[in-house]
Amino acid sequence: MARPKKLKQTSKNIECNGFVPLVPVCLEQIFLDLEELEALKLKDFQGLEQKQAAQKMAISQPTFHRLITSARKKIADALVNAKEIKIRNV
């Protein structure tokens, strides 16, 4: 049985809900969860340490690490393979 999903704290003010590459036809999409976007924002954009970022999101450091790793992999896939990025609030 799967473990229940814990509510993570995220800022609710996102400016957009996705990005589209400049290619004639974008066949595939990548779905980035709001929590993954928040992890990217805190770690890569604001430059916080993992421990600080995890505290801001009210999650453990290992959970934060899983979120940031997943988000970076999705972003890299979208950039390398010209996939559309959609942000979803799970």
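Below, the figures for the structure above:
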read-out	value
Local electrostatic count at I59 - Lys and Arg +1, Asp and Glu -1, tallied over other residues with Cβ under 15 Å	+4
Under 19 Å from the Cα of K74 - lysines, other chains or at least 8 residues apart	K41, K43, K83, K86
Convex hull of Cα atoms in region 19-88, direction-averaged projection (nm²)	4.6
Net +/- balance of residues flanking E49 in space, Cβ distance below 11 Å, scoring K and R +1, D and E -1	+3
Estimated distance in nm for a label pair at D77 and A2, the labels positioned 7 Å out from Cα along Cα-to-Cβ	1.6
Loop GluC sites (Glu not before Pro), region 18-90 (other Cβ atoms within 10 Å of the site Cβ: 12 or fewer; DSSP)	E28, E49
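Quick note: the coordinates plus some simple rules give every number you see, no bench work behind them. Not measured: the values here are computed from a predicted model. In this analysis, Cβ positions are derived from the backbone assuming ideal geometry, glycine residues included, and neighbour counts consider all displayed protein chains.
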